[in-house]
Amino acid sequence: MSESDIVVSIALGVGLAAAVGFRVFLPLLVMSGAAYTGHLTLSDSFAWLGTPIALATLSIAAIAEILAYYISGVDTLLDAIATPAALVAGTIAAAAVMTDLPPIVKWTTAVIAGGGAAGLTQSVTSLLRAKSTVMTGGLGNAAVSTGELGGALLVSLLALLAPLAALAIVVVFCWLTVRFVRRLFHRTPAEPTHE
C-alpha cells in the first residue's frame, strides 16, 4: 500500500467516524451498503459488515434511531447512551476501512482519530440538543435531529466519495469546536458599573 493510499484510508476512517458522532447507526449502514455492493473494501476482520444480515440489522437499527430522535425526552436519553456508543462505533468504523496497515498503527489511529472524532461530534450535538431543550422546551429538538441526520448522511457519503474533503471538513469542525469551547470558558465577567 502506497503512502497516498494510507492517507486516503485514514481520511476515510476519520470521516466515517465523525459521521458516527451525528448518528451511530446510519454511517455504519452506509458503510455496510457500500461494502455489500463492492464500492468499499473492508479489513478482513470487518468483512461481516458487508453481509446481507449486517445490512438488514443496521437498516432496522438506523431507522429506529432516526425515529427515536424525533421523540422529545427520548432524544435526550438517547444522547446519554449514544455518547459511549459513538466512541466505540467510531473506532470500529475507522478500523474497518484502514486496510493493510500494521495492527498497532491501525488500532492506535482508529482509537485516537476515529473514536476522538466521533466523541467530539457527539459531544457537540449533545450540547446543542441540551441547549435547544432548555431554550425551546424541546420544541426545537426536531430541527437539531434533522440537522444531525443530514450531517451523518452528508459526511458518510462525502467520506466514501472524497475522503480527503471529508477529513478537511472534520478538521475545520474540530477547529471551530475548540474555538467555541475556548470562547465559552474564557469569557470575562462583566465589569460592575459605578454610579
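Listing for the model above:
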{"read-out": "Tabulated pairs, the stretch 106-121, first in contact (Cβ under 8 Å) with a residue 60 or more places away in the chain, second outside any helix (DSSP H, G or I), C-beta under 6 angstrom, 6+ apart or interchain", "value": "Lys106/Met98"}
{"read-out": "Residue among Ala95, Ala152 that alone is farther than 26 Å from Tyr69 by Cα and either at pLDDT 90 or above or not charged (D, E, K, R) (or both)", "value": "Ala95"}
{"read-out": "Leu176 being among the hydrophobic types (A, V, I, L, M, F, W, C), surrounded by 16 or more Cβ atoms within 10 Å (Cβ to Cβ), modelled with pLDDT under 90 and over 11 Å from the mean Cα position of the chain (by Cα)", "value": "no"}
{"read-out": "When residues of the stretch 142-152 are limited to those that are of a type in the set (A, V, I, L, M) and over 8 Å from Ala19 (Cβ atoms), the one surrounded by the most Cβ atoms within 10 Å (Cβ to Cβ)", "value": "Val144"}
{"read-out": "Count - residues of the stretch 39-53 that are of a type outside the set (Phe, Trp, Tyr) and over 19 Å from Leu157 (Cβ atoms)", "value": "7"}
{"read-out": "Residue check, Ile53 at pLDDT 90 or above, surrounded by 13 or more Cβ atoms within 10 Å (Cβ to Cβ) and not charged (D, E, K, R)", "value": "no"}
{"read-out": "Criterion violated by Ala96 - all others in (1) aliphatic (A, V, I, L, M); (2) surrounded by fewer than 21 Cβ atoms within 10 Å (Cβ to Cβ); (3) over 12 Å from Ala118 (Cβ atoms) satisfied", "value": "(2)"}
{"read-out": "Residue within the stretch 105-123 that is loosely packed, with under 15 Cβ neighbours inside 10 Å and under 15 Å from the mean Cα position of the chain (by Cα) present", "value": "yes"}
{"read-out": "Pick from the stretch 1-51, criterion in a helix (DSSP H, G or I) and of a type in the set (Val, Ile, Thr), ranking: nearest to Gln122 (Cα to Cα)", "value": "Val20"}
{"read-out": "Criterion violated by Ala68 - all others in (1) buried (at least 16 other Cβ atoms within 10 Å of the Cβ); (2) hydrophobic (A, V, I, L, M, F, W, C); (3) over 19 Å from Leu12 (Cβ atoms) satisfied", "value": "(1)"}
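The values are calculated or read from the model by the stated rules, or taken from the named source; none is laboratory data. From a predicted model like this one, the values you see are computed outputs, not experimental measurements. Methodologically, a virtual Cβ is constructed for each residue, glycine included, from the backbone with ideal geometry; neighbour enumeration extends over all protein chains shown.
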